Amino acid sequence: MDWPSDIWVRGSYSFPAPGQVTKMGPMLWNAQSRLRFAGEHTSYAFMGFMEGALHSGALVARAIAERDGVAKKVA
């Protein structure tokens, strides 16, 4: 994949300023009503990396499935 040439991506990644993660992070990580955010920018462990996007997406998908009764909650 040539990410910099992709019309929808253009090689983008997040690069938060000092203090931005601790200030904005909780808003991104916690559900805002029915609105959920996923992506590398919401991953504490892998911010800015593909692993963060995958991990974040899996967590949000699981949370939505549990909320909608499609998956059982994991203790």
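The values are calculated or read from the model by the stated rules, or taken from the named source; none is laboratory data. Worth saying up front: this structure is predicted, and the values here are computed from it rather than measured. As a convention, Cβ positions derive from the backbone with ideal geometry for all residues, glycine included, and neighbour counts pool all protein chains shown.
Among the residues of segment 49-75, those that are out of contact with any Phe, Trp or Tyr (no Cβ under 9 Å at 6 or more places or on another chain) and of a type in the set (Gly, Ala, Ser) comprise GLY57, ALA58, ALA61, ALA63, ALA65, GLY69, ALA71, ALA75. For VAL21, the conditions (1) in a loop (DSSP other than H, G, I, E, B); (2) among the hydrophobic types (A, V, I, L, M, F, W, C); (3) touching a residue at least 24 places away in the same chain (Cβ under 8 Å) are fulfilled apart from (1). Sort out which residues of segment 26-59 are assigned to a loop (DSSP other than H, G, I, E, B), of a type outside the set (Phe, Trp, Tyr) and surrounded by 14 or more Cβ atoms within 10 Å (Cβ to Cβ), and write them in order of number. ARG36, ALA38, GLY39, SER43, MET47, GLY48, listed by residue number.
Taking first residues from segment 46-60 that are within 20 Å of TRP3 (Cα to Cα) and partners that are at pLDDT 90 or above and polar (S, T, N, Q), the Cβ contacts under 9 Å between residues at least 6 apart in sequence or on separate chains come to PHE46/SER56. Of all residues being of a type in the set (Gly, Ala, Ser) and exposed (fewer than 14 other Cβ atoms within 10 Å of the Cβ) in segment 60-74, which is nearest to GLY11 (Cα to Cα)? Just the residue, please. Here the answer is ALA65.
Looking across segment 39-67, the residues that are closer than 16 Å to VAL21 by Cβ and either modelled with pLDDT under 90 or among the aromatic types (Phe, Trp, Tyr) (or both) come down to GLY39, GLU40, HIS41, THR42, SER43, TYR44, ALA45, PHE46, MET47, GLY48, PHE49.
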